[in-house]
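Read through the structure below, which is laid out as structure tokens, and then see the notes.
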Amino acid sequence: MMDEARLSAILSRYDGEPYDLIPVLQDIQDQYNYLPKDELHEVAVRLKVPLTQVYSVATFYKMFSLIPKGKHQLKICLGTTCHLKGGQRLVASVCNRLGVEVGYTTKDRQFSVETVGCLGTCAQAPVMMVDDKYYARVTVDKVSKILKLYA
Amino acid sequence: MVNLTIDGRAIQAKKGQTILEVARDNGIYIPYLCYHKALKPIASCRICVVEVKPGPPRPQPACSTYVTEGMEVVTTSERLDVIRRELVKLVLINHALDCPICDKGGECELQNLTHALGIDRVDYEAQVLTPHIDYESSLIERHPDRCVTCGRCIRICRDRVGAMAIHFMNRGYYTELGSGVLPLDCEFCGSCIEICPVGALINKVFKYQARAWELEKTETVCPFCGGGCTYQVQTRDGRILRVANQDSILLCGRGRFGFPVVHSEDRLTTPLIKENGSFRPASWGEALDLVAQRFQEIMAEAGPGAIYGVGSPRATNESNYLFQKFFREVLKTNNLDNPGRYHFVRGMAGLMAVFGVSQVDGLAAPAARVPAYHSPYEVTEGATGSGLMFVLGKLADLPQADVALVVGADVTTELPPLGWALMKARENENFQLIVANPRATKFDRYAALSLQYKPGAERLLMGGLFKAIFAAQPDIAPVINAAGLEEFKESFKKFSLKEYATKAGVDEGQLKTAAELLLKAQAPAIIFGTELLGQDKGQENATALADLFLLVGKPGNPGSGVYMAAEKANTLGLLVVGVLPDRLPGFIPIDKDPGLNLEQMLEALETGHDNAPQALYALGGDLVRWLPNRSRTEKLLKKLKFIVVQDAFLTDTAKLADVILPVAIHVEQEGTFFSSDSKLGLLRKALPENGVRPDWQIIMELANRLGGAFKYVKPAQIFQELAAQLPVCAGLAPGHCFPAPGLTAKLSGQFVPFEQDISLPGRRPYTLIVGKSLQHSGSYTTHQPCGTLMVTPGARLKMNPEDAVALNLGAGETAKIISSHGEITASVSLDADLPPGVVLLPDHFGEPAANRLTLNSNLVRVTIQKM
């Protein structure tokens, strides 16, 4: 069931116009860790945006997810530099350790793993982000230490 | 004009045309994928690239590059070929190789393109994606693995239809056509299917039936609303397999999926005679002889006026013309009318009161020989015209309007082409839409102003609007020569603007804004339809809106006009050809012995007056089903001694008949329709009749048995005779509207005060609006196997979710609806578009019969109970 009060609290911060769509979705994503279906329907009605457009936006941006995400978001960079510096090996190591594939969430809903195109700090490649925090020069042996911080 | 060369050929083009358009007009082939003539170019596929000099060194997309003076265009070169081949190869990487089972095979643009470019292999590989094929939705099947992401479907849905039911999901290589939810929740017009260059969108009704090249194609007119769309009927072996509009692509759901009515199992195929309360099949000769004999007996006893005729908006102009000729010349009575009496005729009467009847003067004598279905009158210089037809808006002009006021109409439901015209009007930046309706409708989304008034309060709303206009501009002078303005102003003295607003249930400020918009408008359009006219005071409503147009209308400016939506295909035609008790063809009034109109006829029957008819000849016109107060109509019709019904189905009225004559319907007959904006549509015969006969032949046979001498061989002859009586249609030809643009309009008007009240008596808590369903037109589309039934299989009582909670009703549960005149049960559906206290029930289905509840209007107060 949809928690109407929770959604209304988010919507009340905006004008309720179509241009509020992305900020509203961002807030929902932050609070719920994903975009629940019922909430999307309600957002479409309240912001006067066709439901298909809501879904189009929600699936276009990587920051949104239609399935529940873990408590912590792991973003592993596979940009050119990180790729050259062993980004792919980092991905394999993280996935192995968590027992999850890229794009998915661990069983305990603690971690979601995704790869990204660039995190903008190529000098520190290979780079990984956990939530809002950057981890530089992440070699395979550092992975377990980092993950432990969030366990 | 612009001079340019394409592939060395010197070509003249119009300014503002694109290279692709010019090339196409001159028979030069430029391949493309995302472009479509019905849409604005987006230049995303880049396959139409051409070399342009002078210009940048790289090739330019032909679909979005405008021609300029001295431009040199090269459409084929090695470089262009390489680019195009490369682009199509990229499209083909993971394109499903299911051409043999894909419905599009044989008319697939990608197939053709691949062939034209000589692509025999694709040199790339990419991740194979799992397509989310949608087999679940009604009527439309989606195969994302065949999609070329041209976006045509999304654009036609968003920009032309205005439904926004499909959109791209994900991005980049993963882009996929999606709808967010399954099954698809849309208008089911199927325009996306038609515009898809490949087989990504499939018509489930047509699926696996035939290949494109096996189909015979006939251009005809769609019979499912008064919009007059022309479409192509595609047949094989005597069956329609699909229909298509290849110009604008747009058709509505009933147009695209309603055609199977022709092949319906329950169609009547032979004449029926009632004996001892049940029908038995009869031969045409026997049935017609019996009708002629009974008519003669009744006339001998009670005079010709004892036979009453009801024309039909589904029959052609020719048939209806012959019908009134039969009554007037053979039976010698004016006792005939048409079912539009309860809606469209009221609208025309309102317009007529304000603008006068239409006539055209100064024409030369009719030409002796003209092509078939053309008017014999030529529009000569100096010919002038006047009256209501000159203010009746043309759908083709509506996109040029700058302000449109929609009152009491759910536009797309009432007349889908009117909705498309409004969508087109929205492309004009200055266009402003005002929607006034007791409930939320599709076009509220696009409206600059939504006025949600109380049901039945439209005349108070109009009163408020006039008040606001007069307050904003006290010395307003109408563009049209108008009389009676001062007295008219006096009629709004009774209430203040605030009182009007309160009584109508709207905001005072909104009325002021609406008034401002209308006063500023250079080409205001006023739109309304059957829902508004179906009220008992429908004519007063129309008068109010005609007055408004007289006040603010600018009929000289294209787009400015009064647009009246008719539910059935030939509703206007009935009036033009004179199926009226008091008017001959061409609106010519009858001063001596006019007949009774439908309402008067029923009253006469009720009171048992001397002039009450004793027999009814109904050309279609299912009175029991469509007139308000069903039980009264039934009771009164049972008083008649003899009823003949000419229809394709055993309708509720036909069940009361003594003789039923089965008729040919749209694609089985030739003839013409007048759309509700007066466009002449030409029906062509695409299927054999299989035992039934076209209306005109039946009427002719009957007339000749009763002493007439009708000798028509084909409908075109009847049209020729008819057109000679219609100077008002001078210059008319198929696809054209009347009055012809060459006529000088001498418009004048008379302000007519209207009743400012709410006509909705009673104390019951809910107001029921008897409305229309988007998927149905009349009752034809409710016969199996019409595709429309897959979307809307029956009538449901729509109500606000809050009301449902209060009544303890859930979606799909059955409610008992009780009015002072009857009660019915209907299953409930929840719809937040309806305000609390207002419920809506469409009237297309035999059960639940909404008109069991109504008295004299399509509005009625009801009580609702959970069953």
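The values are calculated or read from the model by the stated rules, or taken from the named source; none is laboratory data. Everything numeric here is computed off the predicted structure, so don't read it as measured data. Virtual Cβ from ideal backbone geometry, glycine too; neighbours counted across all protein chains shown. Only protein heavy atoms, including side chains, enter the accessible area calculation; ligands, DNA and RNA are left aside. Shrake-Rupley method; radii C 1.70, N 1.55, O 1.52, S 1.80 Å.
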Inset, instruction - Inspect all residues belonging to the stretch B:62-74 and state whether any of them is open to solvent by 30 Å² or more (accessible area, probe 1.4 Å) and free of Cβ contacts under 8 Å to residues at least 40 places away in the same chain. - result: no
Inset, instruction - Could you tell me whether any residue of the stretch B:71-92 is of a type in the set (S, T, N, Q), under 28 Å from B:K40 (Cβ atoms) and under 37 Å from the mean Cα position of the chain (by Cα)? - result: no
Legend entry - Top-ranked residue in the stretch B:653-690 [being touching a Ser or Thr at 6+ places or on another chain (Cβ under 7 Å) and within 21 Å of B:A730 (Cβ to Cβ); ranked as most open to solvent (accessible area, probe 1.4 Å)]: B:L682
Inset, instruction - Identify the residue in the stretch B:126-148 that is of a type in the set (D, E) and more than 14 Å from chain A (Cβ to nearest Cβ) and, among all such residues, is most open to solvent (accessible area, probe 1.4 Å). - result: B:E136
Legend entry - Number of positions in the stretch A:46-64 that are surrounded by fewer than 15 Cβ atoms within 10 Å (Cβ to Cβ) and within 11 Å of chain B (Cβ to nearest Cβ): 3
Legend entry - Number of the exception - A:K107 against (1) of a type in the set (K, R); (2) part of a loop (DSSP other than H, G, I, E, B); (3) touching a residue at least 40 places away in the same chain (Cβ under 8 Å): (3)
Legend entry - Set A:V43, A:V113: member being out of contact with any Asp or Glu (no Cβ under 8 Å at 6 or more places or on another chain) and either within 14 Å of chain B (Cβ to nearest Cβ) or open to solvent by less than 70 Å² (accessible area, probe 1.4 Å) (or both): A:V43
Inset, instruction - Scan B:A440, B:A472 and give me the residue that is open to solvent by 10 Å² or more (accessible area, probe 1.4 Å) and closer than 19 Å to B:F495 by Cβ. - result: B:A472
Legend entry - Scope the stretch B:433-491; condition under 31 Å from the mean Cα position of the chain (by Cα), of a type in the set (F, W, Y) and either within 14 Å of chain A (Cβ to nearest Cβ) or more than 22 Å from B:V391 (Cα to Cα) (or both); matching residues: B:F443, B:Y446, B:Y453
Inset, instruction - Give B:E219, B:E265 a once-over and let me know the one that is assigned to a loop (DSSP other than H, G, I, E, B), within 24 Å of B:V692 (Cα to Cα), in contact (Cβ under 8 Å) with a residue 24 or more places away in the chain and among the acidic types (D, E). - result: B:E265
Inset, instruction - Tell me, yes or no, whether the stretch B:116-123 has at least one residue that is outside any loop (DSSP other than H, G, I, E, B), open to solvent by 60 Å² or more (accessible area, probe 1.4 Å) and not assigned by TED's automatic domain parsing to the domain that holds B:C192. - result: yes
Inset, instruction - Go through the stretch A:94-109 and give me each residue that's crowded, with 20+ Cβ neighbours inside 10 Å and among the hydroxyl-bearing types (S, T, Y). - result: A:T105
Legend entry - Matching entry among A:I76, A:I28, A:I10, A:I67 (being of a type outside the set (F, W, Y), more than 12 Å from chain B (Cβ to nearest Cβ) and open to solvent by 40 Å² or more (accessible area, probe 1.4 Å)): A:I67
Legend entry - Residue that is at pLDDT 90 or above, in a loop (DSSP other than H, G, I, E, B) and in contact with a Ser or Thr (Cβ under 9 Å, 6 or more places away or on another chain), where the choices are A:L90, A:L66, A:L119, A:L74: A:L66
Inset, instruction - Could you look through the stretch B:603-621, keep only residues that are surrounded by fewer than 20 Cβ atoms within 10 Å (Cβ to Cβ) and within 34 Å of the chain's Cα centre (by Cα), and pick out the one that is farthest from B:T333 (Cα to Cα)? - result: B:E603
Inset, instruction - Would you mind stating whether A:C82 is of a type outside the set (S, T, N, Q) and either outside any loop (DSSP other than H, G, I, E, B) or within 12 Å of the chain's Cα centre (by Cα) (or both)? - result: yes
Inset, instruction - Would you be able to say whether some residue in the stretch B:586-595 is touching a strand residue (DSSP E or B) at 6+ places or on another chain (Cβ under 7 Å), of a type in the set (A, V, I, L, M, F, W, C) and not in a loop (DSSP other than H, G, I, E, B)? - result: no
Inset, instruction - Could you tell me which numbered condition B:V645 fails, if it satisfies all but one of (1) open to solvent by 10 Å² or more (accessible area, probe 1.4 Å); (2) closer than 19 Å to B:S779 by Cα? - result: (1)
Inset, instruction - From B:G356, B:G305, grab the single residue that is closer than 21 Å to B:L726 by Cβ and touching a residue at least 40 places away in the same chain (Cβ under 8 Å). - result: B:G356
Inset, instruction - Consider B:T270 carefully, then state whether it is under 26 Å from B:G778 (Cα atoms), of a type outside the set (A, V, I, L, M) and either part of a strand (DSSP E or B) or in the same structural domain as B:A210 (by TED's automatic domain parsing) (or both). - result: no
Inset, instruction - Report the residue count in the stretch B:291-312 for those that are under 35 Å from the mean Cα position of the chain (by Cα) and open to solvent by 10 Å² or more (accessible area, probe 1.4 Å). - result: 1
Legend entry - Residue count, the stretch B:173-227 (criterion: within 14 Å of chain A (Cβ to nearest Cβ) and open to solvent by less than 50 Å² (accessible area, probe 1.4 Å)): 11
Inset, instruction - Scan the stretch B:149-172 for residues that are assigned to a loop (DSSP other than H, G, I, E, B), within 10 Å of chain A (Cβ to nearest Cβ) and over 19 Å from B:W420 (Cα atoms) and report the count. - result: 2
Legend entry - Residue list for the stretch B:53-70, filter: part of a strand (DSSP E or B) and at pLDDT 95 or above: B:Q60, B:P61, B:Y66
